[in-house]
Amino acid sequence: MRPARIAALLACLSAPAAFAQDADFVACDGPLSDDDFYRLVACRAPPGKPCREDFVRWAPEAAQALRIGFAPVSSGYPAVLRDQLYYGLGLAIGSINRIGADLHLIAEDDPERQDITIHLISSREGEPISGTGNYEMDGFVIGAALVHISWDASKHITDATIAMAADIPLSNAYPVLLEEVTQSLGLMTDIRNPYYETTSVFSEDSNLVRKHGPQDRMAILRHYPHS
């Protein structure tokens with residue numbers, strides 16, 4: 001079995017497919033140093049403590065043209081929410097590409113060619129996911145959204161699946177999508193810390209951040225540095 005991990009955004013379950021963990025966030029207080037922030041989101045390390053997960057990332061050759069797009073939309077998914085997310089994906093791609101890290105996201109309509117596939121599912125918050133075709137994700141209870149990544153023995157991500165619930169408030173749609181796309185890069189841990197509720201897409205308790213904060217950008221640059 002390939003190692004895999006699921007991160008839940010405001011979900012009722014947060015157990016990964018391959019590695020047990022007690023939560024998908026780390027709680028702390030106040031501003032963190034860049035080192036502590038990066039290690040928290042990248043390897044689930046509490047400030048000043050060892051990593052609890054492996055560092056995983058897309059391989060350099062894949063990261064140069066990382067293809068992302070939507071699967072066919074589940075019947076009954078709200079059209080206005082679907083349209084918000086379609087538009088939001090372009091914004092999220094642009095936001096990440098402008099950071100200047102050694103990766104480049106490309107919109108891809110063909111699910112067979114996608115590295116990161118986004119499923120707009122009929123499930124609502126508190127209901128199990130179905131229909132993604134990812135047996136390690138289907139059956140998990142969803143909150144607002146869920147992201148699943150798998151990686152190989154070299155700690156290189158091989159694929160990512162994002163599920164978006166059908167009852168995400170429109171005002172939260174883009175912030176939720178931005179966080180999930182960012183986490184699909186291998187930065188899978190949220191921060192429970194009031195300081196970051198208005199400054200980081202990784203905030204566990206806020207779905208209001210509409211752009212990457214300074215330390216969000218730093219973490220992506222560290223995870224995908226130019227050689």
Given that just one value was derived from the coordinates, which of [x] 124; [y] 160; [z] 111 is volume of the Cα convex hull per residue in Å³? [z]
Using a Gaussian network model of the chain with C-alpha springs under 10 Å, which one of L185, L40, L32 is most mobile by mean-square fluctuation? L32
Net length gained if the chain between E61 and L221 were fully extended (0.36 nm per residue, minus Cα distance): 56.0 nm
Applying the gyration tensor rule to the Cα atoms of segment 125-227 (axes a ≥ b ≥ c; rounded if a/c under 1.5, else prolate if a/b exceeds b/c, else oblate), the class is oblate
For peptides 190-196, 82-88, sequence by mean Cβ density within 10 Å, most packed first: 190-196, 82-88
Hey, what did the chain get for relative contact order, percent, Cα under 8 Å, at least 6 apart? 28 percent
Looking at the chain as a GNM with Cα springs under 10 Å, which of P47, P111, P31 has the largest mean-square fluctuation? P31
Quick one: among D115, D54, D205, which has the greatest mean-square fluctuation in a GNM of the chain with alpha-carbon springs under 10 angstrom? D54
Just report the Cα centroid separation between segment 82-132 and segment 196-226, whole Å. 17 Å
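Values in this text are rule-based calculations from the coordinates and carry no lab data. Everything numeric here is computed off the predicted structure, so don't read it as measured data. We place every Cβ from the backbone using ideal geometry, glycine too, and count neighbours over all the protein chains shown.
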